[in-house]
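> The structure that follows is given in the form of structure tokens.
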Amino acid sequence: MSFHLPHEMFQNQTALLADFQDFEQKIQALAEAIHLDLTKYEIDHLSLRVNSEQKAREWLALLLNYGSVLSDNSVNGRVIYLIALTQPLYLAGQAIDVVELPFPKNKHYPQETWEHIEVVVPFLTGETEAEWLARIKNLFLRNQSEGLKVKTSEPKADGEKLVNLSVAISFSDQNHNHTCIKVHPYNIKQIIEAV
């Protein structure tokens, strides 16, 4: 595995760097639990979660120092920013250049920090949505313990045309590990460009 220097965002920000390293370790623990080899699938973006608009604005200001707005669409009644970074972040050996920052709605998150990654598992030729969902469950959720929480949804931003299926997998015990891995059939940039 190649070594990458910490992102410039983390220079002189030891708490931010420690949060990101903790997030990476927790994501890798979750990936191991569901037998997901992160080297075999594209991680198309990382996501933050915050509980206040003030915290969201602080993160947005920080991220805009290192990138630009790719999208600021409304999804299920709240604005979600996608920031394209000029220099990628590295997680599990992958360069990831998009960060998702949803502004808060009503939900309270146990931790205001990095929360999930999104992994792309494309449709097979001729595969239906139901067949894709069954394949995802067979790949990552077969013979799994009861310690996992799985949520299937179809988040839709205003004007999006592609079906953005999502399977979100997390540990049931959010105090132990608050992170989540979401699996989608399309890269987020494909979703945006199909508008």
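> Report which label in (1) 55, 33, 30; (2) 46, 36, 35; (3) 59, 41, 32 holds the value of Cα extents along the principal axes in Å derived from the coordinates of this structure.
(2)
> Can you tell me the relative contact order of the chain? Whole percent, Cα pairs under 8 Å, sequence separation 6 or more.
24 percent
> What spacing in nm lies between the two simple spin-label points modelled at Asp22 and Val79, each 7 Å away from Cα in the Cβ direction?
2.9 nm
> Could you give the length gained on full extension between Gln54 and Gln111, defined as 0.36 nm per residue of separation minus the Cα-Cα distance, in nm?
19.0 nm is the gain from fully extending Gln54 to Gln111.
> Note down the nm distance, to one decimal, between modelled labels 7 Å out along Cα→Cβ at Ala130 and at Asn12.
Once both label points are built, they end up 5.8 nm from each other.
> Separate question: Just from its helices, what would the mean residue ellipticity at 222 nm be for the chain, if runs of 4 or more DSSP H residues each count -39500 (n - 2.57) and the sum is divided by every residue, rounded to the nearest 500 deg cm²/dmol?
That comes out to -8000 deg cm²/dmol.
> Among the aspartates and glutamates, which fall within straight-line cross-link reach of Lys149, defined as a Cα-Cα distance under 13 Å, with same-chain neighbours fewer than 8 residues apart omitted?
Partners within reach: Asp173.
> Taking the full set of protein chains and a 1.4 angstrom probe, give the accessible area of Lys40 in square angstrom, rounded to the nearest 10.
Using a 1.4 Å probe on the heavy atoms, I get roughly 150 Å².
> How large is ³J(HN,Hα) for each residue in the stretch 123-138, as worked out from phi by the Karplus curve 6.51 cos²θ - 1.76 cosθ + 1.60 (θ = phi - 60°), to whole Hz, x for Gly and Pro?
Listing the rounded values in order: 4, 7, 4, x, 6, 7, 4, 5, 5, 4, 4, 5, 5, 4, 5, 5 Hz.
> For His45, what residues show an amide H to amide H distance below 5 Å, using hydrogens built from the backbone and excluding near sequence neighbours?
HN-HN under 5 Å from His45: Glu118.
The values are calculated or read from the model by the stated rules, or taken from the named source; none is laboratory data. Because the structure is a prediction, the values reported are computed rather than measured. Neighbour counts run over all protein chains shown; Cβ positions are idealised from the backbone, glycine included. The accessibility values were calculated without ligands, DNA or RNA, using every heavy atom of the protein model including side chains. Shrake-Rupley method; radii C 1.70, N 1.55, O 1.52, S 1.80 Å.
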